[in-house]
Each structure stands twice: as C-alpha cells, then as structure tokens.
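Worksheet: one structure, shown below.
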C-alpha cells in the first residue's frame, strides 16, 4: 500500500486584483523528499508557500498529512520565512529555548545549537551576530519542534560558504531521517544539490516538475563551447580601438571564417558579436574544434566550455533568465549580458587561453 503524501495540493488558484499569483498549481511531496521551488520574484513562490501552510486563502485543495493545513498539529510543521526578525536582546540559546517552549515536546536546545553550528555563539545576543549567524539561528528556530514537514524560504541568504555547506548537510540529514522539505532559493546550486524534485514556477504556473537531472537533460540543451574571437581590434594607450596586423580586416570576416570552419567540421554554430557558441561539444572534442579554427587561420582570445544546468532549463522553458544570474553565452542567445553570475549555478565551466 502506497503511503499518503505528506503534502498534496491540487489546482491552486489565487488572484490579487488583476494579478494572477497562482494559476492551477498542483504539488505533492513525500516523506523524506526535498522539493525545490524555483522562480524569480513575482513568480508566485511566496503565495504558494502561504497557501501550503494555510496562511492565505486559495481556490483548490491543500492537504497536509491528509487534513487541511489549519487542522494540522502545528508541532508537525516547521516554517522559516524569508523575512524573520527575532528579538535582538535574546541570546541564541534563549531564542531557541523560547521557541522550544511553544511546544509540548521539543528537541533539546543544545542539539539544535550543534546542528546549526552555533555552539560557540550560544550566549551571544541575536543582534550582535553576523548576518550568516542570524540566519542559522533562524533555521534553528524552525527545527526545535522536530517537524515532519519543513518549509525553508531562502535558508542560506547571507550565510558564508562554510555555514552554507553546514545548512545543506543539515537539510540532507533531515530528509534522510524522513522529514519532508519544501525549499525555495535563488541559488540554483543549492536547489540542484539538495532537491529530489524541482518545480519551475513562472507567472503563477509550474512550467515543469521533475528531478533536477531530468529537467536539465530534457530542457537545458547540450553542452556548448563559447569561442571569443580575436577580431584584430586592440585598445591603444588612450583607450581607442586600433586595428592590428591581423589577416582579418573586419569582425564580420573573422566571425564568418570561424563559423564556416566549425560548421564544416560538423558542429552546429550560433554566431554572436565577436564570439561563437558551438553546440553539443564534449570536453574530448574541444581539441577538434580548436584544430578546425587553426586550420582556417582563425585566432581566438579564449575558449569557455559550459555544461548546461538547471538555470539553462529555466531559461529555455520560460524565455527568461533566472533572477540575478547571467546565462553562459548570454550575448549569443539573447540573455541579459549586463547581469553577473551569483555562483556556478550548477553549471560546469572550464576556460582555456590560446
């Protein structure tokens, strides 16, 4: 007999005036599963979490442990909202003890302190903690009741890399012990690393749901090699562009020559402004692409090989770059070239200089 899902939502809809916040969203989460929710601001993530926790009204049905959210024993659910500001003049130990005191049964404060890596800061006032320590203290407050279902909204915002890894390990260990986790994050690395399944949310709709690897395989496109060409333009001492003694007289000539050489070698090529994106290139094939360029006497400044990730899947499914992150090869594929990457975002990138 199949166990009942910890969380089950069907056809959720919510409007704010003319704005559609949720448009037919359906989600299930099993015990021990980490469900990641991805989408830019305004996609409907906050409304969905509120609907799932019973803190906003929606059309459709929501069941937690088989009953409506408002009927659930609150000790079974933990919630860390994105905005959470505890009393500043409580120490971390006092803060966790306060929240533990809200439940008939709770975990020991010392074990929670250890889990979130704040044993040494236990007697420090909350207001005197670093930003990352504050966020870890908030994570601890969501864990004191040992929840069976845990909602984490941007749990590692402002946390240093070491603290972030500690939170990741904690979330993984909770899931391994049977806790169901709903995780929202702006970090694609975090989502890909922790989630068993991911929901890609845009304009109140789930455009795709599935394991991260499957979403990447089905929607992210192939690996690509981005070639930044040497177009014969150099900056002089005063910052103006000067022509070198390159055999190519114009940028267009260089781009065309490179594109022709790589196409003749059997590659699919997309041309941009002084760069090319060569589709479906494995690391072992980079040398073949270089040989084709060399044979055509095409000079290049750099090569960047990028394996697609969840961010690429989101872009291809929605036509929108994920918030705050630049797509690899953005100028070739029409992304926002002024945006800079937050992190590796799940992609693997290798660079080589000629």
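Assorted remarks:
- Here the Debye sum runs over all C-alpha atoms of segment 7-219 as equal scatterers in vacuum, and log10 of I(q)/I(0) at q = 0.10 Å⁻¹ comes out as -0.43.
- Once Rg and the Kirkwood radius are both taken over the C-alpha atoms of segment 59-145, their ratio Rg/Rh works out to 1.05.
- Inter-site label distance for residue 107 and residue 217 at 7 Å from Cα along Cβ, in nm: 3.4
- Label reach from residue 284 (point 7 Å along Cα→C-beta): in segment 183-223, amide nitrogens under 19 Å belong to 222-223.
- Inter-part distance where segment 146-220 and segment 56-87 are each reduced to a Cα centre, Å: 18
Any read-out appearing in this document is the output of simple, stated calculations on the displayed coordinates, not a laboratory observation. Just so you know, these numbers come straight off a predicted model, no measurement behind them. Here the Cβ is made from the backbone with ideal geometry for all residues, glycine too, and neighbour counts use every protein chain on show.
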